[in-house]
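Each value in this text was obtained by applying a stated rule to the coordinates, not by laboratory testing. Keep in mind that what you see is a predicted model, and the values were worked out from it rather than measured. When we count neighbours, we look across all protein chains shown, and the Cβ atoms used for this are built from the backbone with ideal geometry, even at glycine.
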Amino acid sequence: MRAWLDAAFEPVTRTIADIKRDYIRLFDTVAAEFGTRFIIINRMSTSGQEDITSYQAFDAPMAATLETIAAKELNLMLYELVEERGISVIDIDSIAANLGGAVHLPDGVHQSGLMQAVIRDELFASLEAD
């Protein structure tokens, strides 16, 4: 499977600007056709267990090397889209900080049952807000 993926696909590096442009195109296209409202769950940008005391050893752009920096940059871009396109963002960073990210989102993706319940509540609240 890995050999097929390597042979059949070409890795493409996408910048935050590329991702933002694609989001805008998606939002504008779908909203124009269907009037759809978008809710996005952002990325967890820290586990709270990082031990980097100095960023001097990392080359710029740091987002190319440090996943936590890349996640923070993506999250900032999403909040720009909140202002520009009126999307809603469920802030997983905030939820994880309140509950404890290392316990409830240990790999940055898979949530505990409690965290899923909190996210569901946030989704419902976002839907009811309009």
remark   = Once both label points are put 7 Å beyond Cα along the C-beta direction, the Thr15-Tyr79 separation in nm becomes 2.2
request  = Could you sort 94-101, 110-117 so that the peptide with the highest average Cβ count within 10 Å comes first and the rest follow in order?
outcome  = 94-101, 110-117
task = Describe numerically, in nm with one decimal, the distance between label points set 7 Å from Cα along Cα→Cβ at Ile39 and at Glu67.
result = 2.6
note = In whole Hz, the Karplus estimates of ³J(HN,Hα) for the stretch 93-101 (6.51, -1.76, 1.60; θ = phi - 60°; x where Gly or Pro) are 4, 5, 4, 5, 5, 6, 8, x, x
key: Local electrostatic count, Glu84, Cβ distance below 15 Å [Lys/Arg +1, Asp/Glu -1]   = +1
